[in-house]
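Notes follow the structure.
Each reported figure results from applying straightforward, stated rules to the coordinates on display, with no laboratory input. Quick caveat: nothing in here was measured; it's all calculated off a predicted structure. All Cβ positions, even for glycine, are placed from backbone atoms using ideal geometry, and neighbour counts span all protein chains on display.
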Amino acid sequence: MLATSKLPFRAAIGVFGIAAAFAAAFVAAPLFSHGSSERVNDTPAPGETPSPVPTEPARAGDSCLARTICSVKERIRWQTPAWTPSQCRKIADAVTTSAARYQLSPTLLLAVMINESDMNERAVRPTFHGNQVYAKDGGLMAIRCIVDKNDHCTNGLMKGMAWKDMMDPVTNIELGAKMLAHYRDGAGVTRTTIRKRDAQGQIVTVTKDVPCRHKTHAYWAHYNHGPRYIEKGYPRHYAHRVAVLDHALASVMNVRAPELTGNRITIHDPGKRERTLDRPMEPRFKKLCSQIRDAGSCAPLALK
């Protein structure tokens, strides 16, 4: 989710008209998902045959997560190559390692990955100030990098990191997990003290919370699964749309997703029934959840 945009981040990258030398560094690909935009994943044109998934000999140690990743990737990818089983294992290992390190659910990391990039490790979207590139959001987790003239990140948890290093899939997943944990644990809201006149005209000192302005990171960092629950602004829309993906993944893999137990649904539809974790609403999320379910279960469903 673009931190500087006033519009939901759900958009395809398309062609940005970047100078040839700059464009060579990027891959034109469907980009990050976000908010309320309704583009549904493209399907093959009439008569067009989807490219098959490259096959490799199965390994005894292949995990349910790796198999699910391969299957979901094949269903949602858009004009990008399928992943081989070994690539899926690499992504699964990275998700498992980072999730354990930051006490996150692997399904949450995968849900963010699906929502933000359609599992495209080369997805990138630049943000311009005038004719200059100000920031780039890239990789599986749509990590925001505010770049300097040497193409290094200058912001937040990515400060000092080279853009090309940040785009490495394993590093990108690690950064995404670190950011989710960072904001889960209380970052993003600043408490400040101000002096003001009360109703009697007396000068009093009061404290107030200043909401995060999302200048150095993507909106998705605020999943609303931690103590800093965001009730207003675009982040309030994020919890339900990612939660339904998280729930679908946890269901087909028969694993627990503790972040879903709080049931913090932040989109309310006036005059309609309340949203639930197992009921996607927007067309894109209905289709994604269906594609996740079609990927097949590793075990009997645990979530209802």
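Would you report the distance distribution of C-alpha pairs in the stretch 79-160 as whole percents per 10 angstrom bin, up to the bin with the largest distance?
17, 39, 32, 11, 0
Take the alpha carbon atoms of the stretch 258-292, find their center, do the same for the stretch 88-116, and report the distance between the two centers in whole angstrom.
If you average the Cα positions of each part, the centres end up 21 Å apart.
Quick check on packing: order 262-270, 74-82, 248-256 by the mean number of other C-beta atoms within 10 Å, highest mean leading.
248-256, 74-82, 262-270
Given K73/K286; K159/K286; K73/K136, which pairs have Cα atoms separated by over 26 Å?
Numbers: K73/K286 16 Å; K159/K286 37 Å; K73/K136 23 Å.
Exceeds cut-off: K159/K286.
Mind listing P(r) for the stretch 117-211? All alpha-carbon pairs, 10 Å bins, whole percents.
So the P(r) values, bin by bin, are 15, 34, 23, 13, 11, 4.
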